[in-house]
Amino acid sequence: MAHVEGSWEPAPLMEVVRLFRELAAPWWVGGGHAVELAVGRSWREHADVDIGLLRRDQHATRRMLAGWDCHVADPPGTLRPWPVGETLPARAHDVWVREHAGGPWRFQLMLDESDGDEWVYRRDARIRRPLDSLTVTADGFRRLALEVQLLYKARGRRAKDEADFAEALPALTGAQRRWLDEALAVEHGAHPWRDRLDGRSARDG
């Protein structure tokens, strides 16, 4: 994101995890950390820490972070304060968080959509899956399912996204490859990653 106030000094992942254990609503680790956790090793530095949650739990999350300085990307490319009690508009899904005004940004919140017991992909509502399959629990906390995180990364195809896909590809099961291939087909039609998801080296699953 360009033209915003302040620099980033991402908090250590486990510090953020400990903070969110106070939240009585579903949350999960996302972004590059989720990919590395799924693969089981690290291969690059991370510029931020992403925590995912459902839009319907935004107020509980903001109350839990009442002592933090939260700004929402609204409109995209700019930040504005997000006070406790405000319902964010549907267009807003990215929140930057820091301990106090003027300090470095420490982590991001990413709001996901849902419909009853289904997760709804915010970029294309045709792509859905049961909420209970959206995340994986390991090491005492949840992370976004690998194939879902890669779907989010597929649009930008930044250098780090390409690196994450290349490192994650061998770890995808056959079922995960099929889901991602189908989701890419729905959102993008043709996509370079689809040719690499043909399952020739995928594990059964």
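The values are calculated or read from the model by the stated rules, or taken from the named source; none is laboratory data. What you see is a predicted model, and the numbers here were worked out from it, not measured in a lab. Using ideal geometry, Cβ is built from the backbone for each residue, glycine included, and neighbour counts are taken over all protein chains shown. Remember, those area values only see protein heavy atoms, side chains included, never the ligands or the DNA or RNA. Shrake-Rupley method; radii C 1.70, N 1.55, O 1.52, S 1.80 Å.
A few remarks follow.
- For the criterion of being surrounded by fewer than 13 Cβ atoms within 10 Å (Cβ to Cβ), touching a Pro at 6+ places or on another chain (Cβ under 8 Å), at pLDDT 95 or above and at negative phi, Asp94 fails.
- Sole exception among (1) touching a helix residue (DSSP H, G or I) at 6+ places or on another chain (Cβ under 8 Å); (2) within 29 Å of Arg157 (Cα to Cα) for Glu22, by number: (2)
- Among the residues of the stretch 66-105, those identified as more than 20 Å from the chain's Cα centre (by Cα) and among the small types (Gly, Ala, Ser) are Ala66, Gly67, Gly85, Ala101, Gly102, Gly103.
- Selected residue (criterion: farthest from Trp28 (Cα to Cα)) from residues of the stretch 45-65 that are open to solvent by 60 Å² or more (accessible area, probe 1.4 Å) and over 15 Å from the mean Cα position of the chain (by Cα): Glu45
- Just one of the listed residues (Arg126, Arg122, Arg142) is without any contact (Cβ under 8 Å) to a residue 60 or more places away in the chain and of a type in the set (D, E, K, R), and it is Arg122.
- Search result, residues across the stretch 106-155 that are closer than 27 Å to Trp68 by Cβ, of a type in the set (A, V, I, L, M), over 14 Å from the mean Cα position of the chain (by Cα) and open to solvent by less than 20 Å² (accessible area, probe 1.4 Å): none
- Taking residues in the stretch 155-173 that are within 19 Å of Ala183 (Cβ to Cβ) and assigned to a loop (DSSP other than H, G, I, E, B), and partners anywhere that are open to solvent by less than 30 Å² (accessible area, probe 1.4 Å) and of a type outside the set (Val, Ile, Thr), the pairs with Cβ atoms closer than 7 Å and at least 6 places apart or on different chains are Leu172/Leu146; Leu172/Glu147; Leu172/Ala202.
- Residues that are within 21 Å of Ser42 (Cα to Cα), among the hydrophobic types (A, V, I, L, M, F, W, C) and part of a helix (DSSP H, G or I), drawn from the stretch 131-154: Leu146, Val148, Leu150, Leu151, Ala154
- Screening Arg158 on (1) exposed (fewer than 13 other Cβ atoms within 10 Å of the Cβ); (2) at pLDDT 95 or above; (3) closer than 20 Å to Ala47 by Cα shows it passes everything except condition (2).
- Hits in the stretch 9-25 - residues which are surrounded by 17 or more Cβ atoms within 10 Å (Cβ to Cβ) and out of contact with any Asp or Glu (no Cβ under 6 Å at 6 or more places or on another chain): Ala11, Leu13, Val16, Val17, Leu19, Phe20
- Under the condition of being touching a Lys or Arg at 6+ places or on another chain (Cβ under 8 Å) and not in a helix (DSSP H, G or I), the residues counted in the stretch 174-190 number 0.
- Unique residue being touching a Lys or Arg at 6+ places or on another chain (Cβ under 6 Å), closer than 20 Å to Gly156 by Cβ and touching a residue at least 60 places away in the same chain (Cβ under 8 Å) when the list is Trp43, Trp105, Trp96: Trp105
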